[in-house]
Amino acid sequence: MPVAAIKDRLVKVDEEGFLTDYDEWDEELAKVLASQIGIEMTEDHWRAIRFLRSDYKENGETPTLRRVSTVGGIPTKDLFTLFPKKPAKKMAYIAGLPKPRGCV
Amino acid sequence: MKRLLILGGGTAGTMAANRLRRRLSPTEWRITVVDQSEAHYYQPGQLFIPFGIYRPSDLVKPRRRFLPEGVDLVIAEIERVVPEDNKVVLADESELGYDYLIIATGTSPRPQETPGLAGAEWQQSIHEFYTFEGASLLGEKIARWDGGRLVIHIVDMPIKCPVAPLEFTFLADAYFAEQGMRDRVEMIFVTPLDGAFTRPVASRHLGAMLEERKVALETDFMVERVDPEKKRLVSYDEREIPFDLLVTVPLNMGADYVARSGLGDELNYVPVDPQTLLSKAHDNIFALGDASDIPTSKAGSVAHFSLELFEENFVQYVRGRPMIQLFDGHANCFIESGRGKGLLIDFNYDTEPLPGKYPLPGLGPFTLLRESEANHWGKMLFRWVYWNLLLPGKEMPLEPLMSMAGKEVEATVR
């Protein structure tokens, strides 16, 4: 399993750079991860990221966009504004969670 | 007398009734199946209706015929489950009690969930093939269509039989070529995924097959609405895709009574343990087939493989013993590719579809992730297998758990 140095910390990541250990994440780290993909965190961003974190903790799966909108209460349109182009993937990256499973 | 209640007499519910009736003593266990209709459809056949390969009458039989003696069938709509009282309320307010409940009411397309989709153009220039009526109407449309821009589209995942939109695309390409009008049809495949399919190796193989057939691929497309007047798909990130003929796969959701009963997730699927299919919320409720939230294909093959393990687990579980047959998400799906050929994919929760041979390593007769005539014949013969072996729960020469034997693992994935 590869390890990445993010700022001054070493964290375990997968081959695409997604964190693999739920507990190695904190909000400081999230800011750095966000800036690496060109996102500056605002309160609206945090609301989505915190939902991802708590939902994952409860269910063990990264929530889909539809779940973030129907259960988390953040409209999909807003997610595309906050995390342009690939919101599901970008949110998971910042939240330190596995990429949402492409359900086959 | 204990009662096992099975909601849904489709692929999974019928298999469960047949397998468990053999295993549970008729003097100790009453088994009842509830379904809203008398007709059992062979759903894999729907794909072929739009191209006139099957007629709807080729694909339907009476549900009762596939349930064994000693299983009651109740034809009724389900109002809700009351898990606290171990009972199911039907639409006419009558009630059925249970000791154990199996939810096997599958998933269904919901065009009304996407703004503009089920409006004025529905079944005019906008079609679907996941219902018998829809597939038949699409067939009539295709037969009189003289070409233009054909957009094949998936609203969101997961969907029943996730390879079907690709199969439809391959069959449409072959059909229009045969009609001598392929040059008058522009084809675009529009998906919310980041490639032709979900996992990397299959996505690459299937993406190349789209390219060979001159089908454009539009990825990461999350549809926000359909504009029926301008005939356009509009995404959340404001891309617009015009169409003359749209063949869409609407949002799929589990049955509404699941939501009314508080048993479902945001898409009305029942959260279960992915290895045993036991409800996470109630220790006497299982969800089988498409009705559960397990992260693998919603497909008959998954229902079949998981049922083989479930049968043994259930018999142990009701005796207070642990369930030790753990399901791995094994799925395999034929992918009809047109011109008398097809592919086969075989995978599970952890292993993506890979090239190779199946079920016998080196011999096949089926080829994994590569086109062959054997796969096409496998798919066509499967209708007989479904009615005669699969539903009755007879032994088939296929292992329930996925095997790596016969699969080619590439040195590098990228």
Between exposed GluC sites (Glu not before Pro) in chain B, where DSSP calls loop and at most 14 other Cβ atoms lie within 10 Å, what's the longest gap?
B:239-394
Highest-fluctuation residue, B:THR105, B:THR114, B:THR11 considered, GNM on chain B with Cα pairs under 10 Å
B:THR114
Residue order, fewest to most surrounding Cβ atoms within 10 angstrom, among B:ARG370, B:ARG319:
B:ARG319, B:ARG370
Taking Cα pairs under 8 Å and at least six residues apart, what relative contact order does chain B come out at, in percent?
16
Between B:LEU401 and B:GLU312, what length comes free when the chain is fully extended (0.36 nm per residue of separation minus the Cα-Cα distance, one decimal in nm)?
30.6 nm
From zero up to wherever the largest Cα-Cα distance of the protein assembly as shown sits, split into 20 Å bins and tell me the percent of pairs in each.
21, 55, 23, 0
B:ARG225 versus B:GLN179, label points 7 Å from Cα toward the beta carbon: distance in nm?
3.2
Taking a ≥ b ≥ c as the square roots of the eigenvalues of the Cα gyration tensor, with a/c under 1.5 meaning rounded and otherwise prolate when a/b exceeds b/c and oblate if not, region B:181-293 is prolate
Which residues make up the longest stretch of chain A clear of GluC sites (Glu not before Pro) that lie in a DSSP loop with no more than 14 other Cβ atoms within 10 Å, not counting the sites?
A:41-104
For region B:311-414, what does the relative contact order come out to in percent, with C-alpha contacts under 8 Å and a separation of six or more?
24
Three-way shape call for region B:110-251 based on the alpha-carbon gyration tensor, with the a/c threshold at 1.5:
rounded
Within a 10 angstrom radius of the beta carbon, how do B:HIS282, B:HIS330, B:HIS127 rank from fewest other beta carbons to most?
B:HIS282, B:HIS127, B:HIS330
Computed from the beta carbon distance with a Förster radius of 22 Å, FRET efficiency for B:SER125 and B:GLU238 to the nearest 0.05 stands at 0.50
Which value in deg cm²/dmol, rounded to the nearest 500, describes the helix-derived mean residue ellipticity at 222 nm for the protein assembly as shown, given -39,500 (n - 2.57) per DSSP H run of n ≥ 4 and division by the residue count?
-8000 deg cm²/dmol
I'd like the trypsin sites (Lys or Arg not before Pro) in region B:237-296 restricted to DSSP loop residues with at most 16 other Cβ atoms within 10 Å, sorted by number.
B:ARG239, B:LYS280
For chain B, Rg(Cα) over 2.2 N^0.38 Å is 0.99
Amide N of region B:63-80 lying under 15 Å from the label point, which is placed 7 angstrom from the Cα of B:ASP92 along Cα→Cβ
B:73-79
Relative exposure of A:ASP55, B:ASP35, judged by other C-beta atoms within 10 Å (fewest first):
A:ASP55, B:ASP35
If r is the Cβ-Cβ distance from A:THR70 to B:LEU363 and R0 is 51 Å, what FRET efficiency results, to the nearest 0.05?
0.60
Given contacts defined as C-alpha pairs under 8 Å and at least six residues apart, what's the relative contact order of chain A, whole-number percent?
29
Name the residues of region B:357-386 whose amide N is less than 13 Å from a point 7 angstrom out from the Cα of B:ARG339 along the C-beta direction?
B:371-373
Restricting region B:129-235 to trypsin sites (Lys or Arg not before Pro) in coil, as DSSP defines it, with at most 13 other Cβ within 10 Å:
B:LYS214, B:LYS230
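The numbers here are math on the coordinates, done by the rules we state, and not lab data. Just so it is clear, the model here is predicted, and its values are computed rather than measured. Virtual Cβ from ideal backbone geometry, glycine too; neighbours counted across all protein chains shown.
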